[in-house]
Amino acid sequence: MPLVRPQDWRPRGLDDLEPDAWRALRQPGSTCVVAGPGAGKTEFLAQRAAYLLETGLCPAPYRLLAISFKGDAADNLAARVRKRCPPELANRFTSLTFDAFTKSLVDRFKSAIPIDWRPTRPYDIAFPAYRQVAGFLDLTRLAAPAQWQAEIAGLGAGNFESRHVGAYRLPIVRPAPQTGTEFTIHRWWAGQLGAQPQSALSFVSLNRLAELLLRASPNIRRALQLTYPFVFVDEFQDTTYAQYDFLLSAFSGANIAVTAVGDDKQRIMTWAGARIDAFDRIAADFAAVRIPLL
């Protein structure tokens with residue numbers, strides 16, 4: 001397919017875009033696109049993908065990466081791009097969930113994970129239930145030094161993993177815990193990594209291991225950045241601490257345009273560890289221009 005000059009490109013399947021959508025679509029750097037329900041956020045990403053691929057701004061062999069919170073959103077975006085672009089261009093668009101993407105990195109490069117945090121091969125996927133977490137916290141409090149027991153008693157089973165394990169950046173070498181919360185987090189990791197007959201990792205843990213992998217392996221991080229010069233993040237308001245930290249370690253400090261779309265007034269996933277400051281953080285960490293859509 002011959003390339004289209006950027007100034008000549010027109011939306012696919014639409015008559016036109018609103019002025020702010022055009023501005024966000026053509027933005028050369030990182031962008032934070034904020035809009036309410038029904039404003040066409042997913043459609044905007046599909047149009048931006050078509051624009052970048054059809055104009056050659058994302059030339060072969062480079063690829064576009066889209067990361068979503070839920071599987072149906074990732075599938076919907078991929079289907080829209082296939083509908084708007086010819087196959088040879090749509091094949092360079094990768095649409096995955098955070099969990100699928102981070103798990104694929106851990107599976108492919110597990111031997112590069114620092115030894116203190118390396119799971120067995122294979123490993124199981126764990127889905128910790130509230131009762132399991134509550135029992136773990138009770139046992140950990142009883143096993144902890146006396147000066148940390150009150151702190152551990154204040155940890156809640158409902159958000160322990162998403163908020164505390166998810167927000168804890170794994171050091172390359174595991175240090176001795178300095179607080180009751182660190183003691184509990186380290187014990188949680190020991191339980192997952194040392195589960196018998198093989199490690200049992202939750203998706204929060206896989207997000208954290210993928211982030212550690214990229215931080216510990218600059219060559220793998222560089223290869224990822226060279227593959228994906230453009231990254232989309234859908235449903236950005238649902239991004240958790242672990243997922244945002246992964247984005248930061250994977251793509252910050254490089255010449256990569258991150259386009260995040262979401263509704264800053266619709267944070268229904270805070271119970272699952274979604275960051276309440278995600279829109280402010282991406283503006284600061286990626287110099288993302290904030291553009292509202294109607």
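A few comments on the model shown:
- Considering the conditions (1) modelled with pLDDT of 90 or more; (2) open to solvent by 90 Å² or more (accessible area, probe 1.4 Å); (3) not hydrophobic (A, V, I, L, M, F, W, C), GLN27 is excluded by exactly one of them, (2).
- Residue in segment 232-249 that is out of contact with any Asp or Glu (no Cβ under 7 Å at 6 or more places or on another chain), among the polar types (S, T, N, Q) and open to solvent by 30 Å² or more (accessible area, probe 1.4 Å) present: no
- Any hit, segment 260-271, residues being touching a Phe, Trp or Tyr at 6+ places or on another chain (Cβ under 9 Å) and polar (S, T, N, Q): no
- Some residue of segment 118-125 being touching a residue at least 40 places away in the same chain (Cβ under 8 Å), touching a helix residue (DSSP H, G or I) at 6+ places or on another chain (Cβ under 7 Å) and over 17 Å from ALA190 (Cα atoms): no
- Of the residues GLY158, GLY135, the single one that is within 24 Å of THR102 (Cβ to Cβ) and not hydrophobic (A, V, I, L, M, F, W, C) is GLY158.
- Screening ASP245 with (1) within 30 Å of ALA129 (Cα to Cα); (2) in a strand (DSSP E or B); (3) charged (D, E, K, R) gives one miss only, at (2).
- Listed by position, the helices (runs of 4 or more DSSP H) inside segment 58-118 whose residues that are within 17 Å of TYR244 (Cα to Cα) and open to solvent by 20 Å² or more (accessible area, probe 1.4 Å) number at least 1 are 98-108.
- Per-region count, segment 60-81, residues hydroxyl-bearing (Ser, Thr, Tyr) and in contact with a Pro (Cβ under 9 Å, 6 or more places away or on another chain): 1
- Filtered by the rule that a residue be in contact (Cβ under 8 Å) with a residue 24 or more places away in the chain and either among the charged types (D, E, K, R) or under 16 Å from GLY135 (Cα atoms) (or both), segment 151-180 gives GLU151, ILE152, LEU155, ALA157, GLY158, ASN159, PHE160, GLU161, ARG163, ARG169, ARG174.
- Criterion (open to solvent by 20 Å² or more (accessible area, probe 1.4 Å), closer than 21 Å to LYS103 by Cβ, at pLDDT below 95 and hydrophobic (A, V, I, L, M, F, W, C)) met by exactly one of ALA167, ALA216, ALA200: ALA167
- Criterion (modelled with pLDDT of 90 or more, of a type outside the set (D, E, K, R) and under 21 Å from the mean Cα position of the chain (by Cα)) met by exactly one of VAL4, VAL33: VAL33
- Scan of segment 123-154 for residues that are open to solvent by less than 50 Å² (accessible area, probe 1.4 Å) and hydrophobic (A, V, I, L, M, F, W, C), ordered by number: ALA126, ALA129, VAL133, ALA134, PHE136, LEU137, ALA144, TRP148, ILE152
The values are calculated or read from the model by the stated rules, or taken from the named source; none is laboratory data. All values reported here derive from a predicted model rather than from experimental measurement. No Cβ is skipped: glycine too gets one built from the backbone with ideal geometry, and neighbour counts run over all protein chains shown. Just the protein is used for accessible areas: all its heavy atoms, side chains included, with ligands, DNA and RNA removed. Shrake-Rupley method; radii C 1.70, N 1.55, O 1.52, S 1.80 Å.
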